[in-house]
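Structure first, then comments.
The values are calculated or read from the model by the stated rules, or taken from the named source; none is laboratory data. Since the structure is predicted, the reported quantities are computational estimates derived from the model, not experimental observations. When we count neighbours, we look across all protein chains shown, and the Cβ atoms used for this are built from the backbone with ideal geometry, even at glycine.
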Amino acid sequence: MNTLNAASLVNLLGFTVGIALYALLLAMIVRHRRAARAGSVNTLLLTTSILGLIWNVGELCVFVWKDFGANDFPPALVALSYSALGFLPSVVVHSAQNEEKKARWLTVAAYGLSIFAAILHFQTLIFQNSAPSDAALRVLTFGSLALVAGLLIFNFRQTVEKKTIWASALLVFAVSALHLSGDREENSWLVELVAHQSSLPLALAILYQNYRFAFADLFLKRAFSLILLAAVAFGLYVFVAAPLLHYHETHDRNDVNAVSILLTLWIATALVYPSLHRFAIWFVDKIVLKRGDYEKLQIEIGREIESIESIENILGEICRKLSAVLTAKNAVWIEENQLGAERKFAAVSYTPDSATVFVATAEAPFYRINLSDFAGGRRLLSDEVKMLEAAALLTARRIDVLRVSHERCDQEFREQEFAKLASQAQLSALRAQINPHFLFNALTTIGYLIQTSPDKAFATLMHLTKLLRGVLRASGEFCTLGEELKLIENYLDIEKARFEEKLSIEIEIPKELEKIPVPALILQPLVENAIKHGVSENKNGGTVKIAARLENQNGAVFLKMSVFDSGAGKPSEKSVYSNGVGLKNIRERLQSYYGKKASLKIETDAGKGTRAEIEMPVKTETVRV
């Protein structure tokens, strides 16, 4: 394939691709206008699409006319297409100046330059009946260079990335205009690519400036895919089909073989297109638009808010994440107490300049996240809308979990308070439950001793007074084991006055254990039961033995307290040992304080006595084992 044929092929493919891309852009502008339901149109994008279509359609017609037209192509249409091409640099300058508050005169100068070049084209048409005007193309060449210099001077605050894009596009156009102002005969395919297809980089520069995110998921990816496909088709034809067809011409001509070569390459092009499209998506997302990995972002959001226990902090973190990834300068959240009708259908609503993410929790209050002031005229894409919907769902579910958790904690706290109150009520009832029978017997004993031994009666009355004072004054749920023993000793002194030598007491509790905190009145009911149901039912009396010791169990320290009586040793089924109020009280209090770690066991051996043993955990810092 010779150089002339390759250049012609580049022009044919370039103008065809240009028409397809600019038509796609125009269709998407119209579609976006209808979807927005506001009637607004991006003027720069609309202007770009119309100018690009006029240029590419005009040049394609000129290209085809050379082969099929008997006469020259109408010069008026040529003047129109070249004038359209001359306005594209002005649109680039306009888009580059959108973010600048000053130096707007540079945009005016650019449009003035394009208008002057268009006047020169039509002046040549009127007076010389030809087009385009070489003078107009030279004006555009030097004018584009001057515009590049002006933009560099007055847009010095812009990033190097933006400067590189519009400067490169204008320089390409300057080279193209310079080539077109001279010999317009087809040369090498590379020269024709730069000279006749400068409208494509100009359009991409316009899209990238202030509207870089407007149609990225629909236009840029498809446009890049189409350009890649055209490049692959061109390469296959130039480097594969043309040499094979040239070699085929030296043999007997067989059209079937020639067609089969073209069909094979056509099928190969179709097969490689999915890979080209995937590459185009990756290139636009990662290189051109520099979009984040939204799937990874969702995972990060879910992981980070999982460790946050405050609803306010969760919403603050979501605002920070979304504003960073979407380059929004403003991100705030607002609480809403009512669910509007529009929230039932869309979690994300957006306008060209803002977006609202509604966090629909299970119950009020609900929340609304407002994002606004996107950098670079950014617009939300479909993938970004889906990401926002997923983020809203993750946030709502986490807030629901926190609310349920907080309600559960509040419920558990209330239950604990109720249990505490119930335990206190039980303790108060137990304090008030000084056995009327015991009081009656104690008073009877005191009355008897008053007649027989007034001194002993007085001492017994003092013990009863101390016992009652100790029971009634104690208000805490816990006391030390030593304080519990003093209460029990006062009680036993009164009982010894009743039973005299029939009751013997043994206490085996080491001094170092007396500082251990225990539930108040935890042993007194056991001692009372031992005397009432053990010693009093034995005509010979008996012994009450109170003991305590520490044991290590799997690294934990337990206190074991026991009350033994050598009385009857055969309690009936209705005995207090099996269903007494005092024992039930002890079990419930142990369960409330220690759960399953504490227990009360009653062991009865007929003829030997009964042992009641309490086992409960103690803190290691309170004792030395």
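LEU559 meets the conditions (1) surrounded by 21 or more Cβ atoms within 10 Å (Cβ to Cβ); (2) at pLDDT 90 or above; (3) touching a Ser or Thr at 6+ places or on another chain (Cβ under 9 Å) in every case but one. The failed one is (3). Residues considered: ILE522, ILE494. Of these, the only one that is surrounded by 16 or more Cβ atoms within 10 Å (Cβ to Cβ), more than 14 Å from THR610 (Cα to Cα) and touching a residue at least 60 places away in the same chain (Cβ under 8 Å) is ILE522. The set of residues in region 525-534 being in contact (Cβ under 8 Å) with a residue 40 or more places away in the chain and either buried (at least 21 other Cβ atoms within 10 Å of the Cβ) or of a type in the set (D, E, K, R) (or both) consists of PRO525, LEU526, GLU528, ASN529, ALA530, LYS532, GLY534. Evaluate region 594-610: report whether one residue or more is surrounded by fewer than 16 Cβ atoms within 10 Å (Cβ to Cβ) and modelled with pLDDT under 80. Yes: region 594-610 contains one or more residues that are surrounded by fewer than 16 Cβ atoms within 10 Å (Cβ to Cβ) and modelled with pLDDT under 80.
Condition check ((1) modelled with pLDDT of 85 or more; (2) aromatic (Phe, Trp, Tyr); (3) surrounded by fewer than 18 Cβ atoms within 10 Å (Cβ to Cβ); (4) within 30 Å of LYS496 (Cα to Cα)) across all residues:
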site: ALA346; (1), (2), (3), (4): no, no, yes, no
site: VAL359; (1), (2), (3), (4): yes, no, no, no
site: LEU381; (1), (2), (3), (4): no, no, no, no
site: THR395; (1), (2), (3), (4): yes, no, no, no
site: ILE399; (1), (2), (3), (4): yes, no, no, no
site: HIS406; (1), (2), (3), (4): no, no, yes, no
site: GLU412; (1), (2), (3), (4): no, no, yes, no
site: LEU427; (1), (2), (3), (4): no, no, no, yes
site: PHE440; (1), (2), (3), (4): no, yes, yes, yes
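Checking the structure you have, find out if any residue of region 273-289 is assigned to a helix (DSSP H, G or I), free of Cβ contacts under 8 Å to residues at least 60 places away in the same chain and within 17 Å of ILE399 (Cα to Cα). Within region 273-289, none of the residues are assigned to a helix (DSSP H, G or I), free of Cβ contacts under 8 Å to residues at least 60 places away in the same chain and within 17 Å of ILE399 (Cα to Cα).
Name the single residue, out of those in region 150-170 being assigned to a loop (DSSP other than H, G, I, E, B) and of a type outside the set (D, E, K, R), that is modelled with the highest pLDDT. Working first, answer last.
Initial filter on region 150-170 (assigned to a loop (DSSP other than H, G, I, E, B)): 155-159.
From what is left, the residues that are of a type outside the set (D, E, K, R) are 155-156, 158-159.
On the way: ASN155: 71, PHE156: 62, GLN158: 65, THR159: 63.
That would be ASN155.
Looking only at residues in region 497-519 that are within 60 Å of the chain's Cα centre (by Cα) and outside any loop (DSSP other than H, G, I, E, B), the one that is surrounded by the fewest Cβ atoms within 10 Å (Cβ to Cβ) is LYS511. From the list GLU528, GLU477, the one residue that fits, being within 30 Å of SER592 (Cα to Cα) and in contact with a Pro (Cβ under 8 Å, 6 or more places away or on another chain), is GLU477.
Remark: pairs (first residue in region 500-513, of a type outside the set (Asp, Glu); second residue surrounded by 15 or more Cβ atoms within 10 Å (Cβ to Cβ) and in a loop (DSSP other than H, G, I, E, B); Cβ separation under 6 Å; 6+ apart in sequence or on different chains) = LYS502/GLY541; LEU503/GLY541. Total residues in region 510-551 satisfying the condition of being closer than 19 Å to ILE586 by Cα and polar (S, T, N, Q): the figure is 2. Just one of the listed residues (ALA103, ALA177, ALA117, ALA136) is at pLDDT below 85 and crowded, with 24+ Cβ neighbours inside 10 Å, namely ALA177.
LEU297 - would you say it is of a type in the set (A, V, I, L, M, F, W, C), assigned to a helix (DSSP H, G or I) and under 14 Å from the mean Cα position of the chain (by Cα)? So LEU297 passes the test.
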